[in-house]
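Below you'll find the structure, written out as structure tokens, and then a few comments.
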Amino acid sequence: MKKWKISSWRNYPVKHIPIYEDENELNLVLNKLKKFPPLVFAEETRHLKRQLSDVVDGKAFLLQGGDCAESFAEFNPDNIRDTFKVILQMSLILTYSASLPVVKLGRIAGQFSKPRSAPTEKQGDKELPSYLGDNINGIQFNEKSRRPDPKRLFKAYSQSASTLNLLRAFSKGGFADLNKVHLWNLDYIKKSPQAKKFKDLEDKIADALAFMKACGITSDFNNRLYTVNFWTSHEALLLPFEETMTRVDSTTGEYHDTSAHFVWIGDRTRQLDGGHVEFCRGIENPIGIKCGPTSKPDEIAKICNAINPKNEKGKITLISRFGHDKVEKFLPKLIRGIKKEGLEVIWSCDPMHGNTITSTSGFKTRPFNNVVSEVKNVFAVHQSEGSYAGGLHIEMTGQNVTECTGGAKNISDTDLSSRYHTHCDPRLNADQALELAFLISDEIKKNSNYAKNGIKAAS
């Protein structure tokens, strides 16, 4: 394999990279950003990788969630807080169900760019370039807004830095205290057919926390009850920016993409001979690889070997996104192919992207039942194939949006227009995200027991 350089991706074909009208302006912006401080630090990245290695071994579970695409317009401390809170609440449910620690990874503080299915968008007789994310162009349908503007990268960097600052304060400053996190907002439970099950699990968690408190195990004396590790991630799509944010760690001489702790390669950009794989094989960050119906086991194995030639645990997460009705067709072959190569990977389930439909009212949406179904189908396949389903990857928000149909509150097609705020793909709202965690708690428990038994047998 050719020697890697920070800019070697430029010698390879790349997809879904915008064309800027003024290359000089782009280079001026990138050169300025090179002098800006890193957003995350190498030791943080190494810490995350160690946690992810436990997921590979079945000793932990990965929860990755957040916005489809962050926007400048919705940048607000309350929105950041609410998304953070829901992820913590979901992780508490999963931790209790599985008796495993949950690695908490946000799609946040940098998840701006999105690949699109078509390069242009047409409204009436007018056709313009597609919206590609707020760090590239604007969502407003006019020529000025849709023109890629390099200066947007400054605002994206600033927003990411501010978001990270607030997340660090929340995760270490007391907001993540277990005795506060479990104060649920579960009004939807009363309307759910699973109401009794939800209430029973909620009561068990509350009782466990009350028992710990009675024993003197409180955040006053135990820092682990007061703080959490919360990591950031985004798709490494806009390679000129990712290159700019890639720095050499002074303690090791290794390259780290300091724009996020974890980055992933999308289903549309994972070409083995493409620039995105080339870039990711040279950085030390944990890397996610999206795997859709077009994924071939031997191709995914080759990508894993290119990015992780030492087969390091915690380095690679395979994120499956097939659709609830296609899991049994595609996932077993992929699992067998990866096992045959002896590759150490995390298996994570993205139940969102394969279940996107257009509603009768014209909105892009995702039926909640299909999301739940894909998660359950994925867990069942992994158990039948003798592998560990170690992660969940969802697009969600802490806000009360109406973007995905169904759930306990039974959001209908006609409800979508009332609070449809996403700039790209539909997200689960706070209620739906928590409901999902409750609904899959049994599968998480079975999955955890399988992992523990497998480890015990191996020892």
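Which residues, taken from the stretch 217-237, are touching a residue at least 12 places away in the same chain (Cβ under 8 Å), under 21 Å from F84 (Cα atoms) and of a type outside the set (A, V, I, L, M)?
Passing the criteria: S219, Y226, T227, N229, F230, W231, T232, S233, H234, E235.
Would you check if G110 is at pLDDT 95 or above and either farther than 15 Å from H393 by Cβ or in contact with a helix residue (DSSP H, G or I) (Cβ under 8 Å, 6 or more places away or on another chain) (or both)?
yes
Of the conditions (1) in a strand (DSSP E or B); (2) among the β-branched types (V, I, T); (3) within 14 Å of S295 (Cβ to Cβ), I338 satisfies every one except a single condition; which number is it?
It is condition (1) that I338 fails.
Could you list all residues from the stretch 362-406 that are in a strand (DSSP E or B) and among the basic types (K, R)?
K364
Picking from K35, K15, which residue would you name as being of a type in the set (D, E, K, R), part of a loop (DSSP other than H, G, I, E, B) and farther than 30 Å from L343 by Cβ?
After applying the criteria, what remains is K35.
To keep it simple, each residue is scored yes or no on (1) within 21 Å of L434 (Cβ to Cβ); (2) out of contact with any Gly (no Cβ under 8 Å at 6 or more places or on another chain).
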{"site": "K199", "(1), (2)": "yes, yes"}
{"site": "E202", "(1), (2)": "yes, yes"}
{"site": "I205", "(1), (2)": "yes, yes"}
{"site": "L209", "(1), (2)": "yes, yes"}
{"site": "M212", "(1), (2)": "no, yes"}
{"site": "I217", "(1), (2)": "no, yes"}
{"site": "D220", "(1), (2)": "no, yes"}
{"site": "R224", "(1), (2)": "no, yes"}
{"site": "H234", "(1), (2)": "no, no"}
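Only one of (1) of a type outside the set (A, V, I, L, M, F, W, C); (2) surrounded by fewer than 19 Cβ atoms within 10 Å (Cβ to Cβ); (3) at pLDDT below 95 is not met by Q271, so which one is it?
(3)
Restricting attention to the stretch 38-76, and to residues there that are closer than 19 Å to S250 by Cα and touching a helix residue (DSSP H, G or I) at 6+ places or on another chain (Cβ under 8 Å), which single residue is surrounded by the fewest Cβ atoms within 10 Å (Cβ to Cβ)?
For the stretch 38-76, the residue satisfying everything is L39.
Just for helices (runs of 4 or more DSSP H) wholly inside the stretch 114-232: which have at least 3 residues that are surrounded by 13 or more Cβ atoms within 10 Å (Cβ to Cβ) and at pLDDT below 95?
By residue number, 152-172, 178-181, 195-214.
Residues being crowded, with 22+ Cβ neighbours inside 10 Å, more than 23 Å from F61 (Cα to Cα) and small (G, A, S): count how many of those fall in the stretch 286-320.
Qualifying residue count, the stretch 286-320: 1.
Filter the stretch 407-422 down to residues that are charged (D, E, K, R) and not in a helix (DSSP H, G or I) and give me whichever is surrounded by the fewest Cβ atoms within 10 Å (Cβ to Cβ).
For the stretch 407-422, the residue satisfying everything is R419.
Kindly evaluate T422 against the criterion of being more than 23 Å from Q111 (Cα to Cα), in contact with a Ser or Thr (Cβ under 9 Å, 6 or more places away or on another chain) and polar (S, T, N, Q).
No, not satisfied.
May I ask you to list pairs of residues, at least six apart or on different chains, whose Cβ atoms are under 9 Å apart, with the first in the stretch 1-26 being on the phi > 0 side of the Ramachandran plot and the second being of a type in the set (S, T, Y) and part of a loop (DSSP other than H, G, I, E, B)?
Matching pairs, first to second residue: H16/S113; H16/T269.
Scan the stretch 20-58 for residues that are charged (D, E, K, R) and within 19 Å of the chain's Cα centre (by Cα) and jot them down.
E44, R46, K49, R50, D54
As an exercise: evaluate E395 against (1) within 18 Å of the chain's Cα centre (by Cα); (2) of a type in the set (D, E, K, R); (3) at pLDDT below 95 and give the number of the one condition it does not meet.
E395 satisfies all of (1) within 18 Å of the chain's Cα centre (by Cα); (2) of a type in the set (D, E, K, R); (3) at pLDDT below 95 except (3).
Note down all Cβ pairs under 7 Å where the first residue falls in the stretch 68-79 and is closer than 17 Å to I394 by Cβ and in a loop (DSSP other than H, G, I, E, B), the second is at pLDDT below 95 and acidic (D, E), and they're at least six residues apart or on different chains.
Close Cβ pairs (under 7 Å, with a partner that is at pLDDT below 95 and acidic (D, E)) amount to C68/D425.
Tell me, please, whether a residue that is over 17 Å from P293 (Cβ atoms), touching a strand residue (DSSP E or B) at 6+ places or on another chain (Cβ under 9 Å) and not charged (D, E, K, R) can be found in the stretch 322-331.
Scanning the stretch 322-331, I find no residue that is over 17 Å from P293 (Cβ atoms), touching a strand residue (DSSP E or B) at 6+ places or on another chain (Cβ under 9 Å) and not charged (D, E, K, R), so the answer is no.
Hey, S373 hits all of (1) of a type in the set (S, T, Y); (2) surrounded by fewer than 18 Cβ atoms within 10 Å (Cβ to Cβ); (3) more than 24 Å from G266 (Cβ to Cβ); (4) modelled with pLDDT of 90 or more but one; which does it fall short on?
Just one mismatch for S373, condition (3).
On the basis of being free of Cβ contacts under 8 Å to residues at least 60 places away in the same chain and either not polar (S, T, N, Q) or not in a loop (DSSP other than H, G, I, E, B) (or both), does P293 make the cut?
no
I'd like to check something: does the stretch 321-329 contain any residue that is over 24 Å from F61 (Cβ atoms), in a helix (DSSP H, G or I) and either more than 21 Å from the chain's Cα centre (by Cα) or not polar (S, T, N, Q) (or both)?
The answer is yes; a qualifying residue exists.
The values are calculated or read from the model by the stated rules, or taken from the named source; none is laboratory data. A quick note: this is a predicted structure, and the numbers were derived from the prediction, not measured. Using ideal geometry, Cβ is built from the backbone for each residue, glycine included, and neighbour counts are taken over all protein chains shown.
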